[in-house]
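In what follows, a structure is listed as structure tokens, so that the remarks can point back to it.
The values are calculated or read from the model by the stated rules, or taken from the named source; none is laboratory data. Everything quoted here is computed from the prediction, not taken from an experiment. Every residue, glycine among them, receives a Cβ derived from its backbone with ideal geometry; neighbour counts consider all protein chains shown.
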Amino acid sequence: MDRDICGIPIRLQLMKQYPQILIFLFLLAMVCKKEMNTQAQEVGLKIPKGFPLPNIPDNNPLTPSKIALGKRLFYDTILSIDSTIACGSCHKQEFAFADNKSISPGIEGKLGFRNVPSLANVAFVAHFNKDGGVPTLDFQALVPIEDDFEMGISIQDLAKRLNADSSYQSAFEYNFGDVASPFTITRALAAFQRTMISGNSKYDKVMRGEETFSTQEKRGYDLFTSEKANCSNCHSGFNFTNGEFMNNGLYLDYSKDTGRQRVTIDSADIGKFRVPSLRNVELTAPYMHDGSLASLEDVITHYKSGGQPHPNKSSTLRPIALNENETADLLIFLKTLTDTTFINNSDFR
Amino acid sequence: MTLKSKVTPVLILALFAFAWTSCGNDDDNTSDGKTNLELQLSYTVNGEAYEQDAVYNIGGVNTSFNVANFYISNIRIMNEDSEMAIFEDLNLLATPENTTFELGEIDIDHYHMIRFNIGVQAEENNQSEIDFTSRPASDPLAMQTPAMHWNWNAGYRFLRVDGLVDTDGDGTPSDILEIHIGTDNFLTEAAVMLQKDAEDNDQNIIELEFDIANLFTDIDLTTENITHTGDYPDLAIKIKDNIPTAFTKK
């Protein structure tokens, strides 16, 4: 099977033989798109111009009440073993649902080993966690809930807790026709996170023709997309990421965190991490998988150096000769990716 | 038309009917030859009966276990002609408390060998179709306590052995032993020669011994006692290589 349209597997060879199928599939795709748009509209999701439709699984349709349940769970410390940590303790709206610490403490102040990622536009992400170990947002929440260094509770025990609360009990019953369970808890959280769409930055407004870049911002944009700086080679597309796993030469020794190799057990993946989106990057310091670079200036300095000569380092990384003015231009452009509408959106509070 | 010419077609029809019926009887006999097959595991450590939290000497290191669970999948039973009966849809979760499994009906007169995988087949392990949160509680692949799923790396712990080891030589196991083997590359086949004729009754049993100590052959438990596969792959590979040796005919 080569493709699937609306969940129906399609063989491309068949389409070559029977061109009528193409017309049928086109109409089917239009109907599906309309359905997804309708669903998105019903829950008030505004898909920014230039963004694709988010992938919403058939077994977890978005509804306003499910999103509300997900939001309640997101900010409830009941999700941690000692009732001290909520999702929102580390994913803070003011930082585009990232945090301003290198490593954010979990229960009992325990420190894990990775920097908190922004949740902006997770609806469009294909692989979750920095190493891509989780294939879907729909059960990604298991990771922080069960991780000993984050919330530290088995999701079965969490389900028991939630089912002992009559208001949660009725909310789960209403939304899923079922009790709180590993399935319903993770799906409700995913539903809320899918609404976290950020696409109203100055950059977006410029692209939509609503505003214009300043001269310096335009120079920064041109540099960002130029072969010289080569930023957009990896930070590409509407979400400023190619979604790939790459080694950016941060270290020679990745023994503290081998990255994607933890998942694939392939030494060729040592030091590779998912290329992050740059949307709201001004707000998500510190940077890198371990939060080891404090500022955007430090990040640019790293990339200007070309990085450490690790054997898995991406071949696209090489020293970049940017002068002070160019560095400043690049910084100014990156700040146009800040979406103040997103971080002030009361729907997320 | 002579009498002979009238009788011949009738005879042919009768013979055909007889042959048809005989074939039917053959099929019935085959069906009668089916028997229910059960797999029974005996947990041992160094050949002694397994007991949770008991202290065993493993390669000179005092060690105790409190979890020793693993998945069995892709079970194949072969006769001497290498004809195979495959139980491909079965995923069994073996624990010290859960050691008897109904495999299903089988029609074989001699159990020459059993082959099986320790772990879960890739298509189920990768969680892309049905994930562990979506499965009914009765399904061995649903979430378990103690957990057999991984959260940070979608998939299952194929083998989970937890306990304590004596790393300082004072005789008391007090440091953590945590052996969690998983990911598709670590799906491991075991094969055990059975050389056993099928018994002529409704229920046949294959009995295997699972000796946990054999998992740690040539492993120094004072220094090599934790792996979650991806974090310490070298130890995980050693365990994987030892897995087939842990199973023998009882």
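In table form, for the structure just shown:
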| read-out | value |
| --- | --- |
| B:Ile243, sole failed condition from (1) closer than 18 Å to B:Gly119 by Cβ; (2) of a type in the set (Val, Ile, Thr); (3) part of a strand (DSSP E or B); (4) more than 12 Å from every other protein chain (Cβ to nearest Cβ) | (3) |
| Residue list for the range A:62-97, filter: in a loop (DSSP other than H, G, I, E, B), on the phi < 0 side of the Ramachandran plot and within 19 Å of the chain's Cα centre (by Cα) | A:Leu62, A:Tyr75, A:Ala86, A:His91 |
| Selection status of A:Leu252, under 30 Å from B:Asp184 (Cβ atoms) and of a type in the set (A, V, I, L, M) | yes |
| Single match in A:Ile320, A:Ile343, A:Ile265, A:Ile332 (criterion: within 14 Å of chain B (Cβ to nearest Cβ) and buried (at least 17 other Cβ atoms within 10 Å of the Cβ)) | A:Ile265 |
| Any hit, the range B:78-88, residues being in contact with a helix residue (DSSP H, G or I) (Cβ under 7 Å, 6 or more places away or on another chain), at pLDDT 90 or above and surrounded by 13 or more Cβ atoms within 10 Å (Cβ to Cβ) | no |
| Failed item in (1) touching a Ser or Thr at 6+ places or on another chain (Cβ under 9 Å); (2) under 22 Å from A:Pro105 (Cα atoms), with A:Pro182 passing the rest | (2) |
| Close pairs from the range B:129-145: first facing chain A (nearest Cβ under 7 Å), partner basic (Lys, Arg) and crowded, with 16+ Cβ neighbours inside 10 Å, Cβ under 9 Å, at least 6 apart | B:Thr133/A:Arg187; B:Met143/B:Arg135 |
| Filter result (surrounded by 15 or more Cβ atoms within 10 Å (Cβ to Cβ), part of a helix (DSSP H, G or I) and within 12 Å of another protein chain (Cβ to nearest Cβ)) within the range A:138-175 | A:Asp138, A:Phe139, A:Leu142, A:Val143, A:Pro144, A:Ile145, A:Glu146, A:Ile155, A:Gln156, A:Leu158, A:Ala159 |
| Any hit, the range A:236-246, residues being assigned to a helix (DSSP H, G or I) and free of Cβ contacts under 8 Å to residues at least 40 places away in the same chain | no |
| Pairs where the first residue, in the range B:147-163, is away from chain A (no Cβ under 14 Å) and the second is of a type in the set (Phe, Trp, Tyr), C-beta under 6 Å, 6+ apart | B:Leu159/B:Phe70; B:Gly163/B:Phe65 |
| Members of the range B:166-194 that are within 12 Å of chain A (Cβ to nearest Cβ) and polar (S, T, N, Q) | B:Thr183, B:Asn185 |
| Selection within the range A:272-290 - more than 13 Å from A:Glu244 (Cα to Cα) and part of a loop (DSSP other than H, G, I, E, B) | A:Leu278, A:Arg279, A:Asn280, A:Thr284, A:Ala285, A:Pro286, A:Met288, A:His289, A:Asp290 |
| Any hit, the range B:202-216, residues being without any contact (Cβ under 8 Å) to a residue 24 or more places away in the chain and not aromatic (Phe, Trp, Tyr) | no |
| Among the residues listed as B:Thr245, B:Thr183, B:Thr217, B:Thr188, the single one being within 27 Å of A:Thr258 (Cα to Cα) and touching a helix residue (DSSP H, G or I) at 6+ places or on another chain (Cβ under 6 Å) | B:Thr188 |
| The listed residue being under 30 Å from A:Ile332 (Cβ atoms) and in contact with a Pro (Cβ under 9 Å, 6 or more places away or on another chain), out of A:Pro276, A:Pro286 | A:Pro276 |
